[in-house]
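Bear in mind these aren't lab numbers, they're just calculated from the coordinates by the rules spelled out. Owing to the predicted nature of the structure, the values given are computational and were not obtained by experimental measurement. Neighbour counts run over all protein chains shown; Cβ positions are idealised from the backbone, glycine included.
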């Protein structure tokens, strides 16, 4: 599976099998996390065999079942664009996990932050978490807004790489499937901005990663 196939195949999964993640995959995930932390300055962590973070009324409300593994996105409180950076690097890990045969779900509110076992140092905060493991299903595709609501460009005049990036961006997970982002071209380069709404800055980072991974072009 390549990155484009991973983007197409990846859907949010909230119910998991009682199956541990194999040691070799854990090693690969931790290697990717180390790379992301080194590039971003974040303190992302993989937490294994820990069910308490998702044993609460909030998790029940979110329909989560048998979540014992998760990725905690932790960063410095004063970091500029912290939410966006967490979204960007978190999505990189999510797609790598998909290529390993694992399933994931972004979780911003329906987990118990007090029971999260991530190490949070002085001046750091947990932005959100990502459940990870072997899903009971592969999830299902979400509905997308019309392309005209997301991109105002004349698509017939856009290069193939832009169309690839747009398609991948529209398949990116966003909070409550709101898709409050706009994609355009500015001086020959892709520009992605977000409207106001819950978790839109995290969403912006996720969308940017999908676009860049599929198109091979860096976003402004």
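Summary of values
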{"read-out": "Packing-based ranking, highest mean first, of 10-17, 31-38 given that Cβ atoms within 10 Å are counted", "value": "10-17, 31-38"}
{"read-out": "Sorted by Cβ density within 10 Å, fewest first, the residues 106, 161", "value": "161, 106"}
{"read-out": "Sorted by Cβ neighbour density within 10 Å, fewest at the top, the residues 68, 104", "value": "68, 104"}
{"read-out": "Rg(Cα)/(2.2 N^0.38 Å) for the stretch 1-124, N = residue count", "value": "1.04"}
{"read-out": "The chain, helix-only ellipticity at 222 nm - DSSP H runs n ≥ 4, -39,500 (n - 2.57), divided by all residues, nearest 500", "value": "-11000 deg cm²/dmol"}
{"read-out": "Neighbour-count order for 128, 105, fewest beta carbons within 10 angstrom listed first", "value": "128, 105"}
{"read-out": "Ranked packing of 115-122, 202-209, most packed first, by mean Cβ within 10 Å", "value": "202-209, 115-122"}
{"read-out": "Rounded tilt (10° steps) of 23-40 against the dominant C-alpha axis of the chain", "value": "60"}
{"read-out": "Ellipsoid equivalent to the stretch 160-220 - semi-axes via the Cα gyration tensor, in Å", "value": "19, 12, 8"}
{"read-out": "Cα gyration tensor shape for the stretch 58-136, rounded if a/c is under 1.5, else prolate or oblate", "value": "oblate"}
{"read-out": "With Cα atoms, 0 to 90° folded angle of helix 200-215 axis to the chain main axis", "value": "60"}
{"read-out": "Ranked by how many other beta carbons lie within 10 Å on average, peptides 48-55, 142-149, 91-98, 188-195 from highest", "value": "91-98, 48-55, 188-195, 142-149"}
{"read-out": "Mean shadow area of the chain over all directions, Cα convex hull, nm²", "value": "11.9"}
